[in-house]
Amino acid sequence: MRHLLLALPLALLSPILTAQEHEHASLRTHEHGVAILNLALDGQILELNLESPAMNLIGFEHAPHNEEERARVAALRAQLEQPLELVALPAAAACTLAAQELEGRLFAEHEHDHGHSDIRASYRLTCAHPERLEALDLAAFFARFPATHRLAAQLIGPAGQRGAELTPDNPRLLF
Amino acid sequence: MYLFRLALGSLANRRFTALLTVLAIALSVCLLLAVERVRSEARASFASTISGTDLIVGARSGSLNLLLYSVFRIGNATNNIRWESFQHFAEHPRVKWAIPISLGDSHRGYRVMGTSPAYFAHYHYGRGQPLRFSAGRAFATDPFEVVLGAEVAEALGYQLGERIVLAHGVASVSLVQHDDKPFSVVGILARTGTPVDRTLHISLAGMEALHVDWHNGVPARGAGRISAEQARQMKLQPKAITAFLLGLHSKAATFALQREINEYRGEPLLAILPGVALQELWSLMGTAEQALFVVSLCVVLTGLIGMLTAILTSLNERRREMAILRSVGARPWHVASLLVLEAFALTLAGVLLGLALLYLAIAASQGYVQSRYGLYLPLALPGAHEWALLGTILCAALLLSALPAWRAYRQSLADGLTIRL
């Protein structure tokens, strides 16, 4: 019994501790209109990673309240599940989608609803001819998501690391 | 073709002016190409200050700030990071190697950097070149050993075995010297053309030993002092470092690890991709680079205008030449195209001579520039961009030559054969 009594405050404390830990997790910047695109090519594997405020992609950041909003979230999900339609890769490179993952509070079924929300889409592509990857074109992405004005791209390719800024007027990223 | 022969013949008649014009164009072309080549090579060499490092990690601040103090030894860190954080990520399964960096002391204006032997094995610059020793070896277990960068050794005239005293802080005139714990030079690195040349490298244990008896920012006095001999016996484990460099097993994991470091709960850390930060930094300095390019373009334009002047002034004295050509049956457009061809021939000769001058200059200065500034100027054929520039110059010359051609055309119509002598 005494042991139990001793353990009680600890048990009560533990959720508080974890909550505090959460508060200390870093607050990432969140700028509407700007998204981050990370690309890494290693051998035949092309990792593609998009991080964007939900506002850029869908126009709201809260969980869908009504049927119309739910339909828009579903449409967005369908769109993001077809990355090769948003990001044009050279056909000669013969890249196919091997794996993908979508993250975002928007996609969760039930969630408490406050603050900003980001959407993260990660893709893994396998390219039969990675040496033919000369450039990729995000014109379709900018056309589909006009609220995105700027993509800050980080690229790791055979020539090393590079940064680039893509805009609707300059949607091509050279490898 | 016979028109071109005529144009060359006419030029040969005025070879002195023609030669000067060609020379002016050649010099301007050479300057433009040299600026272009140095510009692109400077960019490449800047980008290759650090190579093979996948991530640089420091206290959370800005990416440029972190890059500047960890790689270029400019400015200071806002905060140090815990040794535990370094160990946590050095032992991470995705990490192949980790180099700790500890900054803060100096020697006669040159920065002192505390690091581990991994630095000499894994730090790469240029196109993946490792650090090489021009003399001696890396520091070993004795904490009071120092390895000099090439420029430090050359500028201060240090040899192997020399004993030097480091200063606390980074001001070039420092009041507090670590004179109780001198270091001996055990190695000198070969020149790299990077900030490594301007750095003194000591072990982390050495860095710790320097400050082991310091309290509240001042060295202890009297009995509190710990001598170099005593320090050697102590366990010299740093509690904090300034930054660390990471190399990964797979480049594709870079972003995932970057994210993990940036979200590390232990303390606020910032991980940056050196290649991306370097590019960001270069784009800040891009304005000066653009200015240089514009100036050299203006020099080319001056050369071309000089040619235009020479042709225009020659028009008057060549009225007879034109008249004779007309008398033997040349049409006005023959006369006009003669002038266009002349300008083309002059510019082409200028461009070719300019290229020859450029390669001569590169061949002559290559070694010096490489050793002095770490800039490698290749004796390569002009690239697509350079060909485009040369083509533009030729087109501009043709365009400019339309002016004297048009005047000659009008004159030969009006003057005909009724020239007054």
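Let's see how each residue does on (1) more than 14 Å from every other protein chain (Cβ to nearest Cβ); (2) in contact with a helix residue (DSSP H, G or I) (Cβ under 8 Å, 6 or more places away or on another chain); (3) closer than 16 Å to A:ASN49 by Cα:
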| site | (1), (2), (3) |
| --- | --- |
| A:ASN66 | yes, no, no |
| A:ALA98 | no, no, yes |
| A:PHE107 | yes, yes, no |
| A:THR126 | no, no, yes |
| A:PRO168 | yes, yes, no |
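So which helices (runs of 4 or more DSSP H) are wholly in the stretch A:42-161 and hold at least 3 residues that are under 13 Å from the mean Cα position of the chain (by Cα) and under 27 Å from B:ILE272 (Cβ atoms)?
Once the helices (runs of 4 or more DSSP H) in the stretch A:42-161 are filtered for at least 3 residues that are under 13 Å from the mean Cα position of the chain (by Cα) and under 27 Å from B:ILE272 (Cβ atoms), what remains is A:54-58.
When the residues of the stretch B:252-286 are filtered to those that are part of a helix (DSSP H, G or I) and among the aromatic types (Phe, Trp, Tyr), which remaining residue is farthest from the other protein chains (Cβ to nearest Cβ)?
Restricting to residues being part of a helix (DSSP H, G or I) and among the aromatic types (Phe, Trp, Tyr), the top hit is B:TRP282.
Among the residues that make up the stretch B:307-324, is at least one of them within 30 Å of B:ALA380 (Cβ to Cβ) and out of contact with any strand residue (DSSP E or B) (no Cβ under 9 Å at 6 or more places or on another chain)?
Yes, the stretch B:307-324 has at least one match.
Out of the residues in the stretch B:72-102 that are modelled with pLDDT under 90 and at negative phi, state the one that is surrounded by the most Cβ atoms within 10 Å (Cβ to Cβ).
B:ALA77
So B:ARG60 clears everything in (1) crowded, with 23+ Cβ neighbours inside 10 Å; (2) within 12 Å of chain A (Cβ to nearest Cβ); (3) farther than 18 Å from B:VAL196 by Cα; (4) not small (Gly, Ala, Ser) except one condition, right? Which one?
All conditions pass for B:ARG60, except number (1).
Is the stretch A:40-49 home to any residue that is modelled with pLDDT of 85 or more and more than 9 Å from chain B (Cβ to nearest Cβ)?
Yes - at least one qualifying residue is present in the stretch A:40-49.
Just checking, which of B:VAL22, B:VAL35 is buried (at least 17 other Cβ atoms within 10 Å of the Cβ), assigned to a helix (DSSP H, G or I) and at pLDDT below 90?
Answer to the selection: B:VAL35.
Could you grab me the full set of residues in the stretch B:379-406 that are surrounded by 11 or more Cβ atoms within 10 Å (Cβ to Cβ) and either modelled with pLDDT under 85 or not in a helix (DSSP H, G or I) (or both)?
Across the stretch B:379-406, the qualifying residues are B:PRO382, B:GLY383.
Which one of B:LEU200, B:LEU189, B:LEU131 is over 30 Å from A:ALA159 (Cβ atoms) and either outside the structural domain of B:GLY104 (by TED's automatic domain parsing) or crowded, with 20+ Cβ neighbours inside 10 Å (or both)?
Being over 30 Å from A:ALA159 (Cβ atoms) and either outside the structural domain of B:GLY104 (by TED's automatic domain parsing) or crowded, with 20+ Cβ neighbours inside 10 Å (or both) holds for just one of B:LEU200, B:LEU189, B:LEU131, which is B:LEU200.
Please work out if B:ALA240 is at pLDDT 85 or above, over 35 Å from the mean Cα position of the chain (by Cα) and more than 14 Å from chain A (Cβ to nearest Cβ).
Spelling it out, it is not the case that B:ALA240 is at pLDDT 85 or above, over 35 Å from the mean Cα position of the chain (by Cα) and more than 14 Å from chain A (Cβ to nearest Cβ).
Going through the stretch A:131-165 one residue at a time, which ones are within 14 Å of chain B (Cβ to nearest Cβ), surrounded by 15 or more Cβ atoms within 10 Å (Cβ to Cβ) and either of a type in the set (Val, Ile, Thr) or closer than 24 Å to A:HIS30 by Cβ (or both)?
A:LEU151, A:ALA152, A:ALA153, A:GLN154, A:LEU155, A:ILE156, A:GLY163, A:ALA164
Given the residues B:ALA356, B:ALA364, which is the only one that is within 23 Å of the chain's Cα centre (by Cα) and more than 30 Å from B:ALA336 (Cα to Cα)?
Of B:ALA356, B:ALA364, the one residue that is within 23 Å of the chain's Cα centre (by Cα) and more than 30 Å from B:ALA336 (Cα to Cα) is B:ALA364.
Please find, among B:GLY136, B:GLY157, the residue that is surrounded by 16 or more Cβ atoms within 10 Å (Cβ to Cβ), over 30 Å from B:GLY266 (Cβ atoms) and within 31 Å of the chain's Cα centre (by Cα).
When all the criteria are applied, what remains is B:GLY136.
Please go through the stretch A:78-95 and give me each residue that is surrounded by fewer than 17 Cβ atoms within 10 Å (Cβ to Cβ), small (Gly, Ala, Ser) and touching a residue at least 24 places away in the same chain (Cβ under 8 Å), ordered by number.
A:ALA88, A:ALA92, A:ALA94
The values are calculated or read from the model by the stated rules, or taken from the named source; none is laboratory data. Keep in mind that what you see is a predicted model, and the values were worked out from it rather than measured. Don't worry about glycine lacking a Cβ; one is built from the backbone with ideal geometry, like all the others, and counts go over all protein chains shown.
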